[in-house]
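Report on the structure given below.
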Amino acid sequence: MQGFFINKFSKYKKVIKYSPLLMISIITIFLSTYCLRYNPSSWFDEGIYIQIANNLSAHGQLVIQVAPDSFAPTAFMTVGYPIYYAVAIFYKIFGVGFLSARFAAVFYLIFFIIAFFVLNKKLYNQSTALLSTLLLITFAPLYGNGRNLLGDVPGLFFMTLGLIGFLYWEKSEFKNNLPALIAGLGFGLAVAAKPNFLVLGSGILIALILNIKIIKKQIKQCFIFVLGGLTPIFWWAYAQSVSIDMTTSLFKYYTNPYAKEDVAFLVLPNLIRFITESTPLYFTFLSITLILAIIFKLKQKQKITGAEIIIYFFILFTFISYLRTPGWYRYFFLAHIWLIFLFTDNIEIIIKKVFFIIKKPQYFVLLIITPLILAQSIHLLITDLECSETKVDIANNFLNQWVENKSNILFINVPELVARIPHINYYQYLESNRGLIFGQKELDDIKYNIYEKIILKNIEEKSIKDKLECYELDNKVNIYEFYKKKSDCAL
């Protein structure tokens, strides 16, 4: 299709050839940076990660502050050093601050979109890559997860880099050292960015086994690949202070991150979502096209690349992993992105098989993809282009006026506010889940009345609020409550 226009308007050949890429680049930069300070609103997890980045900048360690000069290790945090090191660079350039941290997130977001396009083009063709990338950049959750300082999109970037390396390594019949190293480093850094990418291992293993006849002759390249993959993971263990004694605890945490006693009871409600709720339904539709495309490929004995096999199994195991969570959509977001990546090619395969008499199936692909892009764009405009102060920003403005530099202040489960406090004389209690708690001593010390002020959310558990006998509510800002010590309560 693109070739038709190029031939007809030959004198505008270069303009026509590169205009889609230029358009995608402009949309990407605009949507990635639009109203970055306020949109999306900062929240619990991002607050923790920005705190860790701040502590890395101030103390050179990946830790959480629970009291002045008292820190807790972050081995259980599901965001790793590739994100924090990037933030440290942006802090050096722009200074320490919330917006600087988000610049690092946007850096990964833009480079992931570029890598997404490159991999899609290498696997399929430029037209498919353009349509797939348009589907990606109009997908609203990409920005909800990508403009926050989280590990998902950086992990996707490194995974895509690994897939590009693996694709070139496979094309060289596993003989070249450089793509083997790039593939290993990319996959290893993805795991270091977010341990959810550990499920990559199954697809990688199967892709290698299917090429075992060639692989067993390339021992040196396999060693380079494995070494490239393990090095970032070992550095993650070192940087985040993971000891041998913590390994069992870490395994338990990642297999049940929300410390739910009956994980089995989560599975059925999560499965039902995929036939009753809009975003999971979209996931189901994309999954069906993938399954059909794989069946047709196998029947026609078409080659399935190792990169595609890795993606297939990553989608499968990410979906299975999602079923044991409380059901938030962001836990199948990673799989959803790869379904979007494969969708355009899947539709073309299905059309060629089902409507085999059609001479130019690309026109029918356009008929299917274009309404999807338009629908996603409308949803994106409605949900993602609001630009105003959020509850967190309003509370933070009050906090900066309310807290003096030398105040002894306790924050209870509000890391998004702690991330922006301008001084270090604070205490903190954090309960990520019932099995992962920071600052228990600091919470218990409320009974000694050592804190001048306490901040928590109005949804906090009664058991915690009952501890505030010597404190009175001074102000309420949206969901945040600001307490001060009663004058008749002595230390």
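In the same structural domain as T160 (by TED's automatic domain parsing), in contact with a helix residue (DSSP H, G or I) (Cβ under 9 Å, 6 or more places away or on another chain), in contact (Cβ under 8 Å) with a residue 12 or more places away in the chain and assigned to a helix (DSSP H, G or I), is that true of G201? For G201, the condition - in the same structural domain as T160 (by TED's automatic domain parsing), in contact with a helix residue (DSSP H, G or I) (Cβ under 9 Å, 6 or more places away or on another chain), in contact (Cβ under 8 Å) with a residue 12 or more places away in the chain and assigned to a helix (DSSP H, G or I) - is not met.
The condition (being at pLDDT below 95 and surrounded by 17 or more Cβ atoms within 10 Å (Cβ to Cβ)) is satisfied by just one residue among L339, L323: L323. Here K360 does not fit the description of being in contact with a Pro (Cβ under 6 Å, 6 or more places away or on another chain), under 21 Å from A293 (Cα atoms) and modelled with pLDDT under 90. Only residues that are outside any loop (DSSP other than H, G, I, E, B), of a type in the set (S, T, N, Q) and under 28 Å from D488 (Cβ atoms) were counted across region 406-439, and they come to 1.
Out of all the residues in region 121-130, is one or more hydroxyl-bearing (S, T, Y) and within 20 Å of L334 (Cβ to Cβ)? Taking every residue of region 121-130 in turn, none turns out to be hydroxyl-bearing (S, T, Y) and within 20 Å of L334 (Cβ to Cβ). Put simply, of I347, I291, I378 the only residue that is surrounded by 15 or more Cβ atoms within 10 Å (Cβ to Cβ), part of a helix (DSSP H, G or I) and of a type in the set (A, V, I, L, M) is I347.
Is one or more of the residues making up region 65-77 closer than 22 Å to P232 by Cα and either polar (S, T, N, Q) or not in a loop (DSSP other than H, G, I, E, B) (or both)?
For region 65-77, residues closer than 22 Å to P232 by Cα and either polar (S, T, N, Q) or not in a loop (DSSP other than H, G, I, E, B) (or both): present.
Please specify each residue of region 58-86 satisfying the condition of being among the polar types (S, T, N, Q) and surrounded by fewer than 18 Cβ atoms within 10 Å (Cβ to Cβ). Answer for region 58-86, where residues must be among the polar types (S, T, N, Q) and surrounded by fewer than 18 Cβ atoms within 10 Å (Cβ to Cβ): Q61, S70. Of everything in region 107-136 that is under 15 Å from the mean Cα position of the chain (by Cα) and of a type in the set (V, I, T), the residue that is surrounded by the most Cβ atoms within 10 Å (Cβ to Cβ) is I113.
One residue stands out in region 181-196 among those that are in contact with a Ser or Thr (Cβ under 9 Å, 6 or more places away or on another chain) and at pLDDT 95 or above: the one that is farthest from G151 (Cα to Cα), namely G184. The sole residue among I368, I454, I450 that is under 27 Å from E472 (Cα atoms) and surrounded by fewer than 18 Cβ atoms within 10 Å (Cβ to Cβ) is I450. For region 106-143, the tally of residues that are under 17 Å from I310 (Cβ atoms) and in a loop (DSSP other than H, G, I, E, B) stands at 1. Every condition in (1) surrounded by fewer than 22 Cβ atoms within 10 Å (Cβ to Cβ); (2) free of Cβ contacts under 8 Å to residues at least 60 places away in the same chain holds for A104 except the one numbered (1). If the condition is being under 15 Å from L208 (Cβ atoms), of a type outside the set (A, V, I, L, M, F, W, C) and not in a helix (DSSP H, G or I), then region 294-321 contributes only T305.
One line per residue, one yes/no per condition, for (1) surrounded by fewer than 24 Cβ atoms within 10 Å (Cβ to Cβ); (2) small (G, A, S):
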| position | (1), (2) |
| --- | --- |
| G165 | no, yes |
| S172 | yes, yes |
| K175 | yes, no |
| L178 | yes, no |
| G201 | yes, yes |
| I206 | yes, no |
| N211 | yes, no |
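Across region 144-192, the qualifying residues are those that are outside any helix (DSSP H, G or I) and in contact (Cβ under 8 Å) with a residue 60 or more places away in the chain, and the one among them that is farthest from W235 (Cα to Cα) is R147. Condition first: more than 37 Å from the chain's Cα centre (by Cα) and either in a strand (DSSP E or B) or not assigned by TED's automatic domain parsing to the domain that holds L417 (or both). Now tell me which residues in region 444-472 satisfy that. Across region 444-472, the qualifying residues are Y471, E472.
Any residue at all in region 57-77 that's outside the structural domain of L136 (by TED's automatic domain parsing), in contact (Cβ under 8 Å) with a residue 60 or more places away in the chain and under 22 Å from F139 (Cβ atoms)? No - not one qualifying residue is present in region 57-77. S25 falls short on exactly one of the conditions (1) farther than 30 Å from S377 by Cβ; (2) in the same structural domain as Q240 (by TED's automatic domain parsing), and that condition is (1).
The values are calculated or read from the model by the stated rules, or taken from the named source; none is laboratory data. Small disclaimer: the values here were computed from a predicted structure and weren't measured. Glycine also receives a Cβ, built like all others from the backbone with ideal geometry; neighbour counts cover every protein chain displayed.
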